[in-house]
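Here's the structure we're looking at; comments come further down.
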Amino acid sequence: MIDVGDHFMVRVFGHFVPRGLLVLVALEFVLLVSSYMLGVHLRFAFWSDPDGELASIRPLQGKAIVFAWVMMSAMMSMGLYSRHLRDTAIQMVMRILASLAMGLVVMVLLYYLMPAVLGIGRAPLMMVMGVTSVLLVALRLLFMHAVSLDVLKKRILVLGSGRKATAIDRVMRRESDRRGISVVGYVHFSKEQPLVSGRIIEHSESLLELARRYRVQEIVVAVDNQRENFPIKEIVECRLIGVGVLDILSFIERQAGKIMLENLTSSWLIFSDGFQYSAVRVVGKRVFDVTSSLALLALAWPVMLGAVVAIKLYGGRGPVLYRQVRVGAHGETFNVLKFRSMTVDAEKHGAQWAKQNDARVTAVGGFMRKYRIDELPQLFNVLVGTMSFVGPRPERPEFVKDLSAKIIYYSERHRVKPGITGWAQICYPYGASERDAAEKLSYDLYYVKNYSLFLDLVILLQTAQAVLWKRGGR
């Protein structure tokens, strides 16, 4: 289901996606299909074709679509469709070239596996890659320039300049989060202490006049004390002329992909959409889990065999597999499986948070953690049903008990099965303290609220980016 209720954000199966990103996906799909067709025809336009090779590889449309899907999957795995991408132009070009190289390897494998269906020959394929590289880089650079233009941004007026408004101020400081929107100012009310760094606008005239003066398209309500500083009549006037009105929790959810814990209320959870657990979703997720796990096991078994040998030779004394009690769905405990990456006496002083440069991690364990090889045995947890492929990270019972007492709504992350990877892991890679746990919970709650097979697929492909670019994993 696609909800286009917001002019600059589109909700695809519950997950907020910037409209510009969807436009970019559509443009690049068309470009990749067109590049394939153009590249093949250019090859035979400049060189003779005495053997009638072009006729033998037609029709090209189906092959072009396969090519486009392979390349776009590689680009997604390299983070090129991430909503929080902060690359410079040079970094963007490097990602594109790396993803095209990855996609080329996949295409060559497919051609050898299915030559009669997908084969086009080496020379046409090289021409296709050359044309694709030039056009794709050009489109990306033009898109980067276009999204930076103020004329294309949605104009936002924030009601409030105090504590709540600072959350919006923090989000807008990150270039990737302010793409597509422009905060024209923060309306200051007399009984509120201004704390934001952005432009402060005094409430000396009505909101309707301010909305017209600054050509506002949306108002975000972030007033600290709504009982004293909530101009309900003025907000209604703005709403009736077509100006959108949004509360701060929904705004942060939409723009940052997380639930803001410090302002979370029971009423918002009750009346906001999401938290849909139909039988179709449950069965669909289970099918996705089993299929993904079996596919990854088929690809990763040589790596897992290598990990077993490396641990035996260089991992010191102790077993190859490490079993640890974790908290799963509905608070039930289970044993998670991992390749042992620490010394056998790593927890002789009790449970401890993982940390950078952890002295307990062996040399081979550090390598496995960097590339998340140590987590591959969890595929068996997924197959038996104690874990999901995608979901909140499973935590130790000791940590869960402590964090549930200190962090509001922490136990709600256990409404779904824990996962090998998850929204919190790709959005906030590290978690080594109570503060980190709270920040990761804000992303976990977003996933629990909006989870779907579409979001699972997005997370799965972006996890490949995290592994390739060595983000996360301790």
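The values are calculated or read from the model by the stated rules, or taken from the named source; none is laboratory data. All figures in this text were calculated on a predicted structure; none of them were measured in a lab. All Cβ positions, even for glycine, are placed from backbone atoms using ideal geometry, and neighbour counts span all protein chains on display.
Quick one: which of Ile420, Ile407 is crowded, with 19+ Cβ neighbours inside 10 Å and touching a helix residue (DSSP H, G or I) at 6+ places or on another chain (Cβ under 6 Å)?
Criteria check complete, one pass: Ile420.
Write out, first by first residue and then by second, each pair whose Cβ atoms fall under 9 Å of each other, whose residues are 6+ apart or on separate chains, and whose first residue, in the stretch 400-413, is among the acidic types (Asp, Glu) while the second is assigned to a helix (DSSP H, G or I).
Every condition considered, the pairs that remain are Asp402/Glu434; Glu412/Leu269; Glu412/Leu441; Glu412/Asp444; Glu412/Leu445; Glu412/Val448.
Sort out for me the helices (runs of 4 or more DSSP H) sitting completely within the stretch 368-474 that have 2 or more residues that are at pLDDT 90 or above and of a type outside the set (D, E, K, R).
Fully inside the stretch 368-474 and qualifying: 378-384, 397-406, 423-427, 434-450.
Going through the stretch 102-112 one residue at a time, which ones are free of Cβ contacts under 8 Å to residues at least 24 places away in the same chain and within 32 Å of the chain's Cα centre (by Cα)?
Val105, Val108, Leu109, Tyr111
Would you please name the residue that is surrounded by the fewest Cβ atoms within 10 Å (Cβ to Cβ), looking only at residues in the stretch 297-325 that are over 23 Å from Glu395 (Cβ atoms) and in contact (Cβ under 8 Å) with a residue 60 or more places away in the chain?
Here the residue is Val303.
Got a sec? Which helices (runs of 4 or more DSSP H) wholly within the stretch 96-215 have at least 1 residues that are in contact with a Ser or Thr (Cβ under 9 Å, 6 or more places away or on another chain) and within 30 Å of Arg43 (Cα to Cα)?
Output list reads 122-147.
Look through Leu157, Leu113, Leu142 and report the one residue that is surrounded by fewer than 17 Cβ atoms within 10 Å (Cβ to Cβ) and over 21 Å from Glu28 (Cβ atoms).
From the options Leu157, Leu113, Leu142, the qualifying one is Leu113.
Go through the stretch 224-249 and give me each residue that's surrounded by fewer than 17 Cβ atoms within 10 Å (Cβ to Cβ) and among the polar types (S, T, N, Q).
Residues satisfying the conditions are Asn225, Gln226.
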